[in-house]
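Asks: Here it is, the structure, as C-alpha cells.
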Amino acid sequence: MGQFIDDKDISNISKHSNKPLALLQLNAADLKELQKKHEINSFSHVQIDNTLVRLCDSMGKAERINSTVFPVTYRLFLHFTIYLFVIVLSIAIKNVDTIFEIPLLAVISMVFFLLEKTAYHLQDPFRNRPSDTSVTAIARTIEINIRQLLDEKEVPKPLTSDTFYILYFIKTKNPTLCTHTQKKHKAS
C-alpha cells in the first residue's frame, strides 16, 4: 500500500476503524484542495464528488451485506419446513410402490437440503472462500485498468488461483460495455 499512499496518510488511516472510509475521506480532502487551487473546474469537481458519494454508498451496501447476521432460527425453520414437506409428500404419494417412494423422497429431500446448504455458504460473500466474491481480484483488475489508462509501463498481472473461480472483466468490442464471467484460471 506504501506505493500508492504516503506515510502521513497511512498514519492518518491507521487511526480509523473503517479504513476504506478514511481513505475515501482523504480523497475528498484532496479533491477539495484541488478545487481551492483552481486546478480543476467546478464541473469536474462536482462530477468527481458525485463519484465519491456513489462509492461511499456502495461501500455502505457492501458493509451491510457483510455484517448481516442470519439468525439460527432461520436455518431451523428452513429445516423444519423441508422435513414437513417431505412428510406431507410421503403421505400424498402413498399409492406409489415403496420401491419407488423411498428413493423419490430421498432425492427430493436431498435437493432441498443441498439448496439450503448452498444458500448457507453464499450468505457471507466477502469471507475469502472459493464461493465468495473475489474482492482482491476485482481490486487488481481495477488497478490494471487504471494503470493502462495512465499508459504506465509496469502493469501487474491479473490474480490467478488453482483452487477456485475468480471474477474477471472481459473486454468487448464496445469499450463502454463490460461483461462479467467466472472462470477457473490455472497459474502459468
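The values are calculated or read from the model by the stated rules, or taken from the named source; none is laboratory data. None of the values given here were measured: they were computed from a predicted structure. Cβ atoms come from the backbone with ideal geometry, glycine included; neighbour counts cover every protein chain shown.
Asks: Against the definition (surrounded by 10 or more Cβ atoms within 10 Å (Cβ to Cβ), under 30 Å from ALA62 (Cβ atoms) and modelled with pLDDT of 70 or more), how does ALA106 come out, yes or no?
Replies: Values: surrounded by 10 or more Cβ atoms within 10 Å (Cβ to Cβ): yes; under 30 Å from ALA62 (Cβ atoms): no; modelled with pLDDT of 70 or more: yes.
Spelling it out, it is not the case that ALA106 is surrounded by 10 or more Cβ atoms within 10 Å (Cβ to Cβ), under 30 Å from ALA62 (Cβ atoms) and modelled with pLDDT of 70 or more.
Asks: Contact list please: Cβ distance under 6 Å, first residue in region 111-125 and charged (D, E, K, R), second residue surrounded by 11 or more Cβ atoms within 10 Å (Cβ to Cβ) and assigned to a helix (DSSP H, G or I), pairs at least six apart or on different chains.
Replies: GLU116/LEU78
Asks: Looking at (1) over 30 Å from PRO71 (Cα atoms); (2) surrounded by 10 or more Cβ atoms within 10 Å (Cβ to Cβ); (3) modelled with pLDDT under 85, which is the only condition TYR120 fails?
Replies: If we test TYR120 against (1) over 30 Å from PRO71 (Cα atoms); (2) surrounded by 10 or more Cβ atoms within 10 Å (Cβ to Cβ); (3) modelled with pLDDT under 85, just (1) comes out false.
Asks: Just the residues that are free of Cβ contacts under 8 Å to residues at least 40 places away in the same chain, surrounded by 12 or more Cβ atoms within 10 Å (Cβ to Cβ) and of a type in the set (Gly, Ala, Ser), please, taken from region 30-74.
Replies: Within region 30-74, SER44 is the sole residue that qualifies.
Asks: What is the number of the single condition among (1) touching a strand residue (DSSP E or B) at 6+ places or on another chain (Cβ under 9 Å); (2) farther than 27 Å from LEU26 by Cα that ALA137 does not meet?
Replies: Among (1) touching a strand residue (DSSP E or B) at 6+ places or on another chain (Cβ under 9 Å); (2) farther than 27 Å from LEU26 by Cα, the lone unmet condition for ALA137 is (2).
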